[in-house]
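Colleague: Got a structure for you, written out below as structure tokens; questions coming shortly.
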Ligand SMILES: CC(C)(COP(=O)(O)OP(=O)(O)OC[C@H]1O[C@@H](n2cnc3c(N)ncnc32)[C@H](O)[C@@H]1OP(=O)(O)O)[C@@H](O)C(=O)NCCC(=O)NCCS
């Protein structure tokens, strides 16, 4: 507990509010989040979703995902009226503690090139971009076509 928020694992009962929270507070991208996707995450790894809550309102989130090989962070977001109070730092510290207990030595996150705020926060928390990598993607749910730029 700090600054009035509590960190806890998110569960099935949180999904609707979580999706609404992401729509208003998370990084804007080609988001395809839905209830089924979050249910699948929780089924596979019930501890992966970490929430910051205040009086049961969601004020922050992170997904701390281990795919059995590498450790990845997704959906770090803090409600606008609760930013710059250390909530993201607390969420990421909790995720990193979880990862360390699993044997992780390195963790990564995808950050949009134009997301200056996100980059500032990641840098403040000790993360640095790897300039030599780019993400290569291909969709599996449609005709094979070149990935968008
Ligand atoms: C990025 C985000 C999660 C940060 O959440 P937050 O709770 O405000 O962050 P914290 O208060 O824990 O701050 C973490 C660090 O980032 C820095 N930081 C955060 N917001 C900042 C700002 N607006 N200006 C300068 N530094 C900032 C802080 O200084 C802090 O470093 P410090 O502890 O060394 O001082 C939040 O701004 C957000 O939800 N943004 C929209 C979603 C998004 O872009 N997420 C990132 C996706 S990659």
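The values are calculated or read from the model by the stated rules, or taken from the named source; none is laboratory data. Computed from a prediction, not measured in an experiment: that's the story for all the values here. All Cβ positions, even for glycine, are placed from backbone atoms using ideal geometry, and neighbour counts span all protein chains on display.
Colleague: Part of a loop (DSSP other than H, G, I, E, B), surrounded by 11 or more Cβ atoms within 10 Å (Cβ to Cβ) and either near the ligand (Cβ under 10 Å from one of its atoms) or free of Cβ contacts under 8 Å to residues at least 12 places away in the same chain (or both), is that true of residue 137?
Modeller: So residue 137 does not fit the description; no.
Colleague: May I pose another question? What is the one condition in (1) in a loop (DSSP other than H, G, I, E, B); (2) within 14 Å of the ligand (Cβ to nearest atom); (3) over 23 Å from residue 112 (Cα atoms) that residue 58 does not satisfy?
Modeller: (1)
Colleague: Further question on the same structure: Please work out if residue 126 is at pLDDT below 95 and within 16 Å of the ligand (Cβ to nearest atom). Quick ask: steps written out before the conclusion?
Modeller: Working: at pLDDT below 95: no; within 16 Å of the ligand (Cβ to nearest atom): yes.
So residue 126 does not fit the description; no.
Colleague: Hey, another quick one. How many residues, within the stretch 90-121, are touching a helix residue (DSSP H, G or I) at 6+ places or on another chain (Cβ under 8 Å) and within 7 Å of the ligand (Cβ to nearest atom)?
Modeller: The qualifying residues number 4.
Colleague: Moving to a separate point now. Could you grab the pairs with beta carbons closer than 7 Å, sequence gap of 6+ or different chains, first residue in the stretch 110-133 and closer than 24 Å to residue 31 by Cα, second one assigned to a loop (DSSP other than H, G, I, E, B) and more than 8 Å from the ligand (Cβ to nearest atom)?
Modeller: Qualifying pairs under 7 Å: 110/135; 112/29.
Colleague: Pick out the one residue from 84, 145 that is at pLDDT 95 or above and surrounded by fewer than 16 Cβ atoms within 10 Å (Cβ to Cβ).
Modeller: After applying the criteria, what remains is 84.
Colleague: Quick test of your reading of the structure: residue 17 fulfils all but one of (1) farther than 21 Å from residue 125 by Cβ; (2) touching a strand residue (DSSP E or B) at 6+ places or on another chain (Cβ under 7 Å); (3) crowded, with 17+ Cβ neighbours inside 10 Å. Name the failing condition by number.
Modeller: Here residue 17 clears every test but (3).
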